[in-house]
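What follows is a set of notes on a single structure, which appears directly below.
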Amino acid sequence: CASQPPSPEVDRAQGDWEHQLGRIEALDRWTLTGKIGLRSPQQSRSANLDWVQQDTGYRMLITGPFGVGRNVLTGEQGGITLENGDGRFSAATPEDLMEQRMGWSLPISSLDHWVRGLPDPRSPSQVKIDAQGFPQAITQDGWNIEYRQWSYAAGYWLPGRLRMSYGDLIATLVVTQWQPNQTGS
Amino acid sequence: QTDPASRLTELLEPLHTYSADFQQRVQGDDGQSLQDASGHMWLARPGKFRWEVNAPYSQTVVSDGAQVYMYDPDLEQVTVRDLDPKVTSTPALLLSGSAGELTSNYGVSMRAQGDTEIFSLSPRGNDSLFESLEMTFQGQRLTGLDLVDATGQRTEIGFDSIEQNGSVDDSRFAFQIPEGADVIREQ
């Protein structure tokens with residue numbers, strides 16, 4: 001299955017990103033495991049993230065240590081639901097649902113693009129490119145997303161560490177295991 | 001027939017140190033596994049423990065008896081908080097607390113099959129993270145811990161390669177904050 005950060009003999013080279021861009025844009029099924037860290041003057045949080053994406057549907061398990069205090073965020077055609085120790089809830093957007101039920105949120109609606117190194121096509125954005133031609137930062141909807149580390153998994157270069165800031169809020173997403181094109185857990 | 005609480009105390013009191021590998025499974029409501037993590041736990045009762053989770057969920061939780069350090073190497077973040085009752089709802093701390101503290105904070109019932117004794121604990125206070133906890137002992141050895149939250153979501157923890165009352169070096173329960181880690185102190 002997926003390898004962790006770039007294996008020694010495989011480094012990002014000029015042109016790798018353009019070469020795989022079509023496949024990255026077409027990638028709509030994956031399983032990933034990672035960590036979410038959130039720092040703002042008011043609060044700090046960290047959680048495990050288990051994310052299964054299938055076309056436009058997703059299931060995100062957000063858990064604290066020991067798997068306790070978990071939240072399961074599910075997005076499908078029919079709508080978005082969040083299930084946790086208090087029950088099952090739904091709202092128009094995942095961001096509202098998280099704010100209401102968890103007291104914090106991430107820009108989930110754009111994250112399925114940002115996590116692949118792509119801007120969300122639905123709103124204007126600027127993309128800065130690094131020396132190897134890979135996205136270095138995306139600025140969009142008030143967010144600044146920096147790609148700090150890349151992982152090589154099943155033939156794809158995919159972001160391994162994203163630093164997302166919005167005003168005085170900093171969210172860090174570290175992907176510890178990428179499994180593109182896999183949805184069976 | 002001793003009452004469940006004193007039987008549990010009987011099993012926990014002689015447990016001074018404990019070391020085991022663990023498998024932790026978070027189950028969805030239709031029983032499928034949402035998350036499988038593994039690692040190792042060390043306990044020195046009362047109050048000391050170390051809970052190390054392997055990649056891809058790498059995390060280290062250490063209690064030195066006074067403070068609890070939660071270190072996430074991927075996020076390079078350490079959360080430090082005082083050891084207090086609220087935190088005792090975390091499984092590792094629950095096990096390192098004194099037996100008396102445990103049975104006064106939780107209602108205890110028991111069922112036995114052969115040499116397996118399963119204790120169900122429900123928190124007396126309502127601020128606990130979970131609604132019920134089950135501790136399984138096989139032949140007087142702690143082999144499992146299941147946590148169920150208010151909506152029936154289950155976390156199952158199974159222990160193996162268990163060593164009870166072996167010698168565990170005290171340095172195991174000391175935590176050095178790594179260079180450059182982001183430290184968050186929580187009240």
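The values are calculated or read from the model by the stated rules, or taken from the named source; none is laboratory data. Computed from a predicted model, the values in this text were never measured in an experiment. Every residue, glycine as well, gets a Cβ built from its backbone with ideal geometry; the counts of neighbours run over all protein chains shown.
Things to note:
- Just so you know, in segment A:65-79 the residues that are over 21 Å from residue B:149 (Cβ atoms) and part of a strand (DSSP E or B) include one that is modelled with the highest pLDDT, and it is A:75.
- Verdict on residue A:62 being part of a strand (DSSP E or B) and in contact with a helix residue (DSSP H, G or I) (Cβ under 6 Å, 6 or more places away or on another chain): no
- One residue stands out among those in segment B:13-40 that are more than 10 Å from every other protein chain (Cβ to nearest Cβ) and under 20 Å from residue A:46 (Cβ atoms): the one that is surrounded by the most Cβ atoms within 10 Å (Cβ to Cβ), which is B:39.
- Residue A:21 meets each of the listed conditions (1) crowded, with 19+ Cβ neighbours inside 10 Å; (2) away from chain B (no Cβ under 14 Å); (3) free of Cβ contacts under 8 Å to residues at least 12 places away in the same chain apart from (1).
- Number of positions in segment B:132-167 that are at pLDDT below 95, more than 16 Å from the chain's Cα centre (by Cα) and not small (Gly, Ala, Ser): 3
- A residue that is touching a His at 6+ places or on another chain (Cβ under 8 Å), away from chain B (no Cβ under 14 Å) and assigned to a loop (DSSP other than H, G, I, E, B) can be found somewhere in segment A:97-120.
- Among strands (runs of 3 or more DSSP E) entirely within segment B:91-187, having at least 1 residues that are closer than 15 Å to residue B:15 by Cα and more than 14 Å from chain A (Cβ to nearest Cβ) singles out B:132-138, B:141-148, B:154-164.
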